[in-house]
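Worksheet for the structure shown next.
No value in this document is a laboratory result; all are computed from the given coordinates. The structure presented is a predicted model; accordingly, all values stated were derived computationally and were not measured. Methodologically, a virtual Cβ is constructed for each residue, glycine included, from the backbone with ideal geometry; neighbour enumeration extends over all protein chains shown.
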Amino acid sequence: MRGDREVRIAISASEASLDGAVDPRFGRARFFLVADGRGERVDVVDNRGSDELPHGAGTAAVAAMIRRGVTTVLTGQVGPRAEEGLRAAGIQVRTGVSGVCRDVLVAYLGTGEG
Amino acid sequence: MGAAASSDGGPLVVAVASGKGGTGKTTVAVSLALTAPSPAVYADCDVEEPDGALFLHPAIDRERPFTQLLPVFVTKLCDGCGVCHDVCEYKAILVADTPLLFADRCHACGACAALCPRGAIREEPVERGAIRSGHRNGLAFVEGRLRIGEASPTALVREVRALAVAAGRRLVILDAAPGTSCPVIAAAHRADFLLLVTEPTPAGVADLARVADLAAHFGVPAAVVLNKADLWPPAQETVTAFCASRSLPYLGAVPYDTAFHAAARAGRSAVEVCSPMLAGRLLALWEDVRAFLDEAARARVA
């Protein structure tokens with residue numbers, strides 16, 4: 001049902017810039033950088049409000065991904081509920097990602113879905 | 001007997017808490033319950049690992065399921081607006097193509113069902129634990145037992161507490177969970193008296209400070225008993241100094257003795273099995289506790 005969705009890639013980021021490092025956490029990431037499929041446009045999602053959530057940061061972050069039409073998440077680690085939520089929303093996840101966000105995005109776009 | 005009296009007709013409620021686990025809460029609570037000077041009820045509020053029954057061996061008169069109303073989505077009515085996710089304090093609902101409930105996170109508050117603009121959420125009872133009640137001779141017994149895998153014990157603690165208070169006994173002894181989080185607060189925050197059991201270890205002392213903060217925050221009178229006191233004598237001074245600094249009455253020490261282990265292995269309470277000296281020390285606690293309960297009863301009148 002979402003097969004024709006436009007590709008949108010979210011990277012959990014420690015800074016509001018592609019030059020910063022990947023934030024290793026998904027739910028409590030400082031920011032998300034949401035890029036289009038060609039890496040030409042990058043939106044910044046401020047997720048620092050997750051610090052205020054005693055519970056449910058993971059599912060709240062999934063909701064933010066859904067609102068932004070994200071199709072793929074690149075991050076370090078995803079909690080169990082967020083993982084289930086992302087799966088239910090049909091969003092692909094690649095974990096174990098680290099390094100500078102720009103390099104991560106370029107590498108991902110270079111290899112495509114692989 | 002003063003401890004039996006409560007001016008407003010309700011029972012006097014004593015909660016036994018510790019901060020750290022393994023300090024001897026249940027040992028003390030069970031011993032107090034078995035030697036209570038007035039008709040009492042023992043309530044096991046440590047619903048994630050209730051163990052009072054292992055020592056009390058109560059006759060169980062009634063066992064019933066503990067259920068909560070959880071949301072069920074009528075997906076054909078849902079338009080995906082996300083209000084349920086937004087109002088959920090624990091973000092236990094996620095609206096993807098259809099709503100998804102993370103039941104272990106759900107505190108059954110009912111906000112999603114009440115506020116869904118499409119009426120697409122109804123509530124159905126789900127069993128999340130059990131409540132057993134019974135007696136041992138004159139002592140009434142209540143226990144909450146959370147189902148394995150459930151993450152939210154607080155509502156069950158509240159229900160166990162309410163049943164204990166309604167049991168028609170003049171004295172309620174609540175055996176609280178370790179820690180200082182919601183389940184402990186649910187048992188302790190409206191108690192007339194909080195008995196804090198600690199041990200002479202760094203963690204025991206540090207967690208005593210946390211649970212003393214809890215007592216102060218909720219304005220519950222508290223006093224401290226040091227269990228296994230001679231295990232590490234310098235800590236006894238640390239505890240007494242802490243009590244003095246916080247104006248917390250120090251009720252004294254229960255010595256370390258392997259007789260407590262033997263009692264536990266035999267599934268018996270310490271007061272039944274231990275030497276007269278040890279049992280006497282536990283019984284003497286009542287004298288001190290009674291003084292505080294009298295004080296609490298007077299405070300109610302005032």
Using the Karplus equation 6.51 cos²θ - 1.76 cosθ + 1.60 (θ = phi - 60°), what ³J(HN,Hα) coupling, rounded to whole Hz, does each residue of region B:44-54 give in order, writing x for Gly and Pro? 7, 9, 8, 6, 7, 8, x, 9, x, 5, 5
The size of the Cβ-based charge dipole (Lys, Arg +1; Asp, Glu -1) of the protein assembly as shown about the Cα centre, to the nearest 20 debye, is 500
With a 10 Å cut-off between alpha carbons and a GNM built on chain A, which of A:53, A:33, A:74 moves the most? A:53
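Restricting to Cα atoms and excluding each atom paired with itself, what does the Kirkwood estimate give for chain B in Å? Walk me through the numbers on the way to the answer.
Values: mean 1/r = 0.0487 Å⁻¹.
Mean inverse Cα-Cα distance, inverted, gives 20.5 Å.
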In sequence order, calculated HN-Hα J values of region B:59-65 (Karplus, 6.51, -1.76, 1.60; Hz; x Gly/Pro): 7, 8, 8, 8, 9, 9, x
When the scattering of region B:65-120 is computed by the Debye formula from its Cα atoms alone, each counted once and equally, what is log10 I(q)/I(0) at q = 0.18, 0.20, 0.22, 0.26 Å⁻¹? -0.52, -0.64, -0.77, -1.07
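Sort B:45, B:182, B:81, B:112 by Cβ crowding within 10 Å, fewest neighbours at the top. Don't skip to the end; give the middle numbers.
Numbers: B:45 30, B:182 16, B:81 13, B:112 24.
Going from least to most buried by this count: B:81, B:182, B:112, B:45.
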Can you tell which of A:99, B:102, A:57 lies farthest toward the positive end of the dipole of the protein assembly as shown, using +1 and -1 charges on the Cβ of basic and acidic side chains (Lys, Arg; Asp, Glu)? B:102
Percent of Cα-Cα pairs more than 22 Å apart in chain A, please. 22
As I understand it, the dipole of region B:1-124 uses +1 on the Cβ of Lys and Arg and -1 on the Cβ of Asp and Glu, about the Cα centre. Which of B:52, B:121, B:35 lies farthest toward its positive end? B:121
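Nothing charged except the Cβ atoms of Lys and Arg (+1) and of Asp and Glu (-1): what's the magnitude of the dipole of region B:37-144 about its Cα centre? Round to the nearest 20 debye.
Numbers: 10 positive and 16 negative charges, 72 e Å.
Here the size comes out at about 340 debye.
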For region B:1-146, take N as its residue count and report Rg(C-alpha) divided by 2.2 N^0.38 Å. 1.44
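Nearest 500 deg cm²/dmol is fine: what mean residue ellipticity at 222 nm does chain A get from its DSSP H runs of n ≥ 4 alone, each adding -39,500 (n - 2.57), divided by its residue count?
Working: 3 runs with 31 residues, N = 114.
Taking each H run of at least 4 residues, the total per residue is -8000 deg cm²/dmol.
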Which angle between 0 and 90 degrees, to the nearest 10, do you get for helix B:233-245 versus the longest principal axis of chain B when only C-alpha atoms count? 70
Furthest towards positive pole of dipole, B:284, B:201, B:92, structure part chain B, Cβ charges: B:284
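Relative contact order (percent) for region B:156-214, with alpha-carbon contacts under 8 angstrom and 6 or more residues of separation? Can you show the working numbers first?
Values: 33 pairs, mean separation 16.8, N = 59.
RCO, region B:156-214: 28 percent.
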Distance between the C-alpha centers of region A:1-69 and region B:158-218? Whole Å please. 42
Using Cα pairs closer than 8 Å and at least 6 residues apart in sequence, work out the relative contact order for chain A, in percent. 30
For region B:94-186: rounded, prolate or oblate by the Cα gyration tensor [a/c cutoff 1.5]: prolate
Who wins for biggest fluctuation among B:171, B:115, B:139 in a Gaussian network model of chain B, springs between alpha carbons below 10 Å? B:115
Sorted largest first, extent of the protein assembly as shown alpha carbons per principal axis (Å): 81, 50, 45
Calc'd 3J(HN,Hα), region B:268-280, phi into Karplus 6.51 cos²θ - 1.76 cosθ + 1.60 (θ = phi - 60°), Hz, glycine/Pro = x, comes to 10, 7, 4, 5, 7, 9, 6, 4, x, 5, 5, 4, x
At what distance in angstrom do the alpha carbon centres of region B:80-142 and region B:230-300 lie from each other? 40
Cysteines not pairable in chain B (beta carbon separation under 4.7 Å absent): B:45, B:78, B:81, B:88, B:106, B:109, B:116, B:182, B:243, B:274
Specify the angular offset, from 0 to 90 degrees and rounded to the nearest 10, of the alpha carbon long axis of helix B:154-165 from the longest principal axis of the alpha carbons in chain B. 50
Given axes a ≥ b ≥ c from the Cα gyration tensor, I'd like to know whether region B:150-302 is rounded (a/c under 1.5), prolate (a/b larger than b/c) or oblate. rounded
Show that you can apply the helix-only estimate: for chain B, add -39,500 (n - 2.57) for every DSSP H stretch of four or more residues, divide by all residues, and state [θ] at 222 nm to the nearest 500. -11000 deg cm²/dmol
List the relative contact order of region B:35-135 as a percent without decimals, with contacts defined as Cα pairs under 8 Å and 6+ residues apart. 40
Rounding to the nearest 20 debye, state how big the charge dipole of chain A is about its Cα centre with +1 on each Lys and Arg Cβ and -1 on each Asp and Glu Cβ. 220
If the elastic network links every pair of Cα atoms under 10 Å, which of B:210, B:122, B:161 fluctuates the most in the Gaussian network model of chain B? B:122
